[in-house]
Amino acid sequence: MKAIVNRRYGGPEVLEVAEVPTPVPRANEVLIRVRAVVAGPADSAFREGKPFLVRLFYGLSRPKFPVGGTEFAGEVVAVGSAVTRHRVGDGVFGLSSDTFGAWAEYLCLPEDKAFAGKPAGLSFEEAAAIADGAPTARTFLKDTAKVQPGQRVLINGAAGAVGGYAVQIAKHLGAQVTGVCSTANLEYVASLGADAVVDYGREDFLGSGAAYDVIFDAVGKSSFGACRKALTPRGLYMTTVPTLGLVADLVGNLSRSPKAAFATAGLVQSNETFTELAQWAGANHLRPVIHHRFPMDQMAEAHRIVDSGHKRGNIVISGFEDSG
């Protein structure tokens, strides 16, 4: 089968189309015909091997798993003898976070991994888009922050993949949402449901005097120390990029503000996560946020846009069968 591989760390140019063995499902696995995938900042990190922590887990000198890709949508084409949750013909979407492999014609996954039935009424491309960003936003806001109706939530990086879904999920949970983004994305973030939108190039979003129950930095550009003054006494600061500097910042500030907390949400997801996301999408509480679409053989170009740091929402790549 065809796949996008990177056998060495580096820029987008290390990505290439290659022939690799087609996986065969074991008793507890399903074989999925991949119809759509995504490219995002995490994929760039795995491709480059940066930060160095990536290499400690995924290969010091070269990638342990040369076929990349985690988020996908596709169709079940074969099932193992012990599979009970899925049948041939089922549309599914989710993550292949343990061994990657989604950037290929076929993907094998154990049925208890983090994927579920494709959201009703959505295309494969739209479902793949939701698989990138929405699970992280849901974990931060629902599981970690436990956002309640009426709470004030600020989302920094509200135009990105995680941030765009965070705006929608926070609104669905009943929060009053403020989104922070660039001038070019003000209308877009407002269209996602934000009650207020702040242009970070023209206004200090922490200097308005407003106090928030949750500040969620979906792009890792702020700090707990800077945001502490804009939190309520029991407010929660969360970031998707928990650097050593931010951890040190937390330790230095907790003694002065014991009720404020720094939190990150793990990327471990489940069937239940994707089942709930599918329900939300089916009920129109969650809509895909797609910036660009590419055929699979243009994966390198998709990565160049990701690396620019200026994408809006998701970059979706159609499966090999749709790329000619």
Checklist entry - List the pairs whose first member sits in region 109-121 and is over 14 Å from Ser97 (Cα atoms), whose second member is in a loop (DSSP other than H, G, I, E, B), and whose Cβ atoms are under 7 Å apart, counting only residues at least 6 apart or on separate chains? => result Gly117/Asp90
Item to check | Subset tally (residues that are surrounded by fewer than 18 Cβ atoms within 10 Å (Cβ to Cβ) and under 12 Å from Ala210 (Cα atoms)) for region 229-239 | outcome: 2
Checklist entry - Can you spot a residue in region 147-155 that is of a type in the set (S, T, N, Q) and surrounded by fewer than 24 Cβ atoms within 10 Å (Cβ to Cβ)? => result yes
Checklist entry - Quick one: is Ala226 under 30 Å from Phe100 (Cα atoms), at pLDDT below 95 and surrounded by fewer than 18 Cβ atoms within 10 Å (Cβ to Cβ)? => result no
Checklist outcome for this item: For region 46-69, the count of residues that are under 14 Å from Ser96 (Cα atoms) and either of a type in the set (Gly, Ala, Ser) or free of Cβ contacts under 8 Å to residues at least 12 places away in the same chain (or both) equals 2
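Being of a type in the set (A, V, I, L, M) and at pLDDT 95 or above is the filter here; which residues of region 142-156 pass it? Write out each step before concluding.
Here is the first cut: in region 142-156, the ones of a type in the set (A, V, I, L, M) are 145, 147, 153-155.
Within region 142-156, Val147, Val153, Leu154, Ile155 meet the criteria.
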Next on the checklist: Checking the condition assigned by TED's automatic domain parsing to the domain that holds Ser308, buried (at least 16 other Cβ atoms within 10 Å of the Cβ), hydrophobic (A, V, I, L, M, F, W, C) and modelled with pLDDT of 95 or more, which residue from Val38, Val17, Val77 passes?
Outcome noted: Val38
Checklist entry - Conditions: (1) in contact with a strand residue (DSSP E or B) (Cβ under 6 Å, 6 or more places away or on another chain); (2) modelled with pLDDT under 95; (3) aromatic (Phe, Trp, Tyr). Phe72 meets all but one. Number of the miss? => result (2)
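Just name the residue that is nearest to Tyr58 (Cα to Cα) out of those in region 76-101 that are in contact (Cβ under 8 Å) with a residue 60 or more places away in the chain and in a strand (DSSP E or B).
Start the filter on region 76-101 by keeping residues that are in contact (Cβ under 8 Å) with a residue 60 or more places away in the chain, which leaves 85, 92-95, 97, 101.
This time we only want the ones that are in a strand (DSSP E or B), so: 92-95.
Numbers: Val92: 26, Phe93: 24, Gly94: 21, Leu95: 17 Å.
Checking each candidate, the answer is Leu95.
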Checklist entry - In region 266-324, how many residues are over 17 Å from the mean Cα position of the chain (by Cα), buried (at least 23 other Cβ atoms within 10 Å of the Cβ) and closer than 16 Å to Phe93 by Cβ? => result 1
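The values are calculated or read from the model by the stated rules, or taken from the named source; none is laboratory data. Keep in mind it's a predicted model, so treat the numbers as computed, not measured. As a convention, Cβ positions derive from the backbone with ideal geometry for all residues, glycine included, and neighbour counts pool all protein chains shown.
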